1. I'd like to check something: does the stretch 21-35 contain any residue that is in a helix (DSSP H, G or I) and within 16 Å of VAL153 (Cβ to Cβ)?
2. If the Cβ limit is 6 Å and pairs must be 6+ apart or interchain, which residue in the stretch 1-24 that is in contact (Cβ under 8 Å) with a residue 60 or more places away in the chain pairs with which residue that is open to solvent by 30 Å² or more (accessible area, probe 1.4 Å) and within 13 Å of the ligand (Cβ to nearest atom)?
3. Could you pull out the residue among LYS42, LYS22, LYS100, LYS59 that is over 24 Å from VAL131 (Cα atoms) and out of contact with any Lys or Arg (no Cβ under 6 Å at 6 or more places or on another chain)?
4. From the residues in the stretch 110-144 that are within 30 Å of ASP158 (Cα to Cα) and of a type in the set (Asp, Glu), which one is farthest from the ligand (Cβ to nearest atom)?
5. Considering only residues that are away from the ligand (no atom under 14 Å from the Cβ) and open to solvent by less than 50 Å² (accessible area, probe 1.4 Å), look in the stretch 25-36 and name the one that is farthest from ILE3 (Cα to Cα).
6. What's the number of the condition GLU52 fails, among (1) open to solvent by 50 Å² or more (accessible area, probe 1.4 Å); (2) assigned to a helix (DSSP H, G or I); (3) within 14 Å of the ligand (Cβ to nearest atom)?
7. Of the residues that make up the stretch 37-45, is at least one in contact (Cβ under 8 Å) with a residue 40 or more places away in the chain and open to solvent by 20 Å² or more (accessible area, probe 1.4 Å)?
8. Return yes or no: is THR27 in contact with a Gly (Cβ under 9 Å, 6 or more places away or on another chain) and modelled with pLDDT of 95 or more?
Amino acid sequence: MNIGVYPGSFDPITNGHLDIIKRASNTFDEVIVGVLVNPDKKGLFEIDERVELIKRATKDIPNVKVESFSGLLVNFMKERNIKVIIKGLRAVSDFEYEFKMALMNKRLNPDMETIFMMTAAEYSFLSSSSVKQVAMFGGCIEGLVPDEIIQDVIERIDKKRGI
Ligand code: PNS
């Protein structure tokens, strides 16, 4: 079976991520969305919450699974016999960071391949941090994150702001 992992922080999942997940699900037999547990970085959502939000946003795509992982991505992949990393590229500015990460993963395990999908032009400006910033200052996040999670993002940001 042709399985790909789509790794990231997903704090929270955006429509740019969802676009890549949908397109990857048409290319791979199965896509595993891997949510990184980063103990050094406190996010807006806890890891289990992020997993739940992604599951909700991808519930209609049958060949997508969502899991969290900690430590090295290549180890998570080896345990599951996955050989392909799927990444989205939004702009040239993403390239350097992604290039370094792809080479490091290759160095850590030469069996792993990273493949890049170009993010749809309409989402090329979008990131989880920009969504959080817009929501923090009361801007509209409709169309930026999946409809199913808009309310969760707004409520969590309001809670953070003490409203
Ligand atoms: O959402 P992000 O920040 O672009 O995701 C980055 C992620 C999770 C893909 C990357 O940080 C990662 O794979 N971390 C796991 C640790 C690891 O394997 N590091 C080696 C590659 S540099």
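1. no
2. SER9/LEU36
3. Of LYS42, LYS22, LYS100, LYS59, the one residue that is over 24 Å from VAL131 (Cα atoms) and out of contact with any Lys or Arg (no Cβ under 6 Å at 6 or more places or on another chain) is LYS100.
4. GLU142
5. Here the answer is SER25.
6. Unmet for GLU52, out of (1) open to solvent by 50 Å² or more (accessible area, probe 1.4 Å); (2) assigned to a helix (DSSP H, G or I); (3) within 14 Å of the ligand (Cβ to nearest atom): (3).
7. So far as the stretch 37-45 goes, no, none of its residues is in contact (Cβ under 8 Å) with a residue 40 or more places away in the chain and open to solvent by 20 Å² or more (accessible area, probe 1.4 Å).
8. yes
The values are calculated or read from the model by the stated rules, or taken from the named source; none is laboratory data. In this text the structure is predicted, and so the values were computed from the model without any measurement. Every residue, glycine among them, receives a Cβ derived from its backbone with ideal geometry; neighbour counts consider all protein chains shown. Areas reflect the complete protein model, heavy atoms only, side chains present, ligands, DNA and RNA absent. Shrake-Rupley method; radii C 1.70, N 1.55, O 1.52, S 1.80 Å.
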